[in-house]
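> Sharing a structure with you now.
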Amino acid sequence: MSAPAAAAALEELRAAAATCTRCRLYERATWTVFGEGPPGAPLMLVGEQPGDREDVEGRPFVGPAGRLLDRALAGAGIDRGAVYVTNAVKHFKWVERGKRRIHQTPLVGEINACLPWLDAEMEVVNPRIVVAMGATAVRALFGPAARLTRMRGERLELPGGREGYVTVHPSSILRVQDADQRHLEMSRLVDDLSLVARRLPAA
Ligand code: URA
């Protein structure tokens with residue numbers, strides 16, 4: 001697909017996903033938070049679902065987890081502007097606690113309902129490498145038997161001849177209380193992304 005055709009196809013997908021009712025999560029979310037990045041990006045990063053900030057702004061990874069991801073990408077020498085960033089589930093799932101909206105992990109049915117969008121993004125963007133961040137993305141991309149801890153650090157195969165990798169979700173690092181442990185987890189994420197960076201075609 002030519003670059004203009006891919007850009008047009010991606011816009012069409014984004015518009016179609018904006019009115020998605022494939023599961024009930026659309027009822028309480030503000031927007032469908034579709035993926036973002038250049039069509040033809042060699043690298044696609046897949047998270048779980050938009051968080052509170054992403055639901056407000058309508059863009060993926062713009063809240064605290066996104067800032068941590070930006071730092072990790074910079075640490076690995078990857079330019080976020082050249083990456084397509086998306087989520088396995090495209091509506092924010094939350095419960096109210098006082099004045100706060102607390103993220104809830106999506107159910108298998110919700111992950112599966114959203115899969116056609118992820119598959120379509122993959123088809124149009126056509127990345128050479130796809131990274132699943134966290135258990136939800138790992139399940140969406142590699143199936144129910146896949147396990148992050150077992151697959152981390154390995155080069156995996158995805159349909160279309162793509163390379164797949166798995167790593168932790170950036171928010172899991174934000175939740176680590178102990179500072180030393182948090183730094184360690186951050187450097188492991190940077191290591192995972194550095195491994196990916198070495199597999200990318202030279203810019
Ligand atoms: N967490 C995710 O999985 N995705 C986002 O876009 C933000 C936080």
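> May I ask you to list the residues in region 41-60 that are free of Cβ contacts under 8 Å to residues at least 60 places away in the same chain, closer than 28 Å to Met1 by Cα and within 9 Å of the ligand (Cβ to nearest atom)?
Residues satisfying the conditions are Arg59, Pro60.
> Go through (1) at negative phi; (2) surrounded by fewer than 23 Cβ atoms within 10 Å (Cβ to Cβ); (3) in contact (Cβ under 8 Å) with a residue 12 or more places away in the chain one by one and return the number of the condition Leu107 breaks.
(3)
> If I ask for residues that are among the hydrophobic types (A, V, I, L, M, F, W, C) and in a helix (DSSP H, G or I), which ones from region 96-117 would you list?
Result: Val108, Ile111, Ala113, Cys114, Leu115, Trp117.
> Can you tell me which residues in region 72-103 are open to solvent by 10 Å² or more (accessible area, probe 1.4 Å) and in contact with a strand residue (DSSP E or B) (Cβ under 8 Å, 6 or more places away or on another chain)?
Ile78, Ala82, Lys93, Trp94, Val95, Glu96, Arg101, Ile102, His103
> Give region 63-95 a look and list any residue that's without any contact (Cβ under 8 Å) to a residue 60 or more places away in the chain and either assigned to a helix (DSSP H, G or I) or farther than 16 Å from Ser172 by Cα (or both), or say none.
Hits for region 63-95 are Arg67, Asp70, Ala74, Arg80, Gly81, Val83, Tyr84, Val85, Thr86, Ala88, Val95.
> Could you list, in sequence order, the residues of region 48-71 that are hydrophobic (A, V, I, L, M, F, W, C) and either more than 14 Å from the chain's Cα centre (by Cα) or open to solvent by 70 Å² or more (accessible area, probe 1.4 Å) (or both)?
Val56
Listed here are the residues, each with its yes/no results for (1) away from the ligand (no atom under 14 Å from the Cβ); (2) surrounded by fewer than 22 Cβ atoms within 10 Å (Cβ to Cβ); (3) closer than 22 Å to Phe92 by Cα.
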site: Met133; (1), (2), (3): no, no, yes
site: Ala145; (1), (2), (3): yes, yes, no
site: Thr149; (1), (2), (3): yes, yes, no
site: Gly160; (1), (2), (3): yes, yes, no
site: Tyr165; (1), (2), (3): yes, no, no
site: Ser172; (1), (2), (3): no, yes, yes
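> Now, a different point. Only one of (1) within 17 Å of Met44 (Cβ to Cβ); (2) among the basic types (Lys, Arg); (3) in contact with a helix residue (DSSP H, G or I) (Cβ under 8 Å, 6 or more places away or on another chain) fails for Arg101. Which number is that?
(1)
> Just checking: which of the strands (runs of 3 or more DSSP E) contained wholly in region 120-170 hold 1 or more residues that are touching a helix residue (DSSP H, G or I) at 6+ places or on another chain (Cβ under 6 Å)?
Hits in region 120-170: 129-133, 162-167.
> In region 23-40, how many residues are within 16 Å of the ligand (Cβ to nearest atom) and either part of a loop (DSSP other than H, G, I, E, B) or touching a strand residue (DSSP E or B) at 6+ places or on another chain (Cβ under 7 Å) (or both)?
Qualifying residue count for the region: 9.
> How do the pairs read when you match residues in region 187-203 that are open to solvent by 70 Å² or more (accessible area, probe 1.4 Å) with residues anywhere that are not aliphatic (A, V, I, L, M), using Cβ under 7 Å and keeping only pairs 6 or more apart or on different chains?
Arg199/Glu163
The values are calculated or read from the model by the stated rules, or taken from the named source; none is laboratory data. Computed from a predicted model, the values in this text were never measured in an experiment. Note that we place each Cβ from the backbone using ideal geometry, even for glycine, and neighbour counts take in every protein chain shown. Each accessible area value is taken on the protein alone, full model and side chains, heavy atoms only, with ligands, DNA and RNA left out. Shrake-Rupley method; radii C 1.70, N 1.55, O 1.52, S 1.80 Å.
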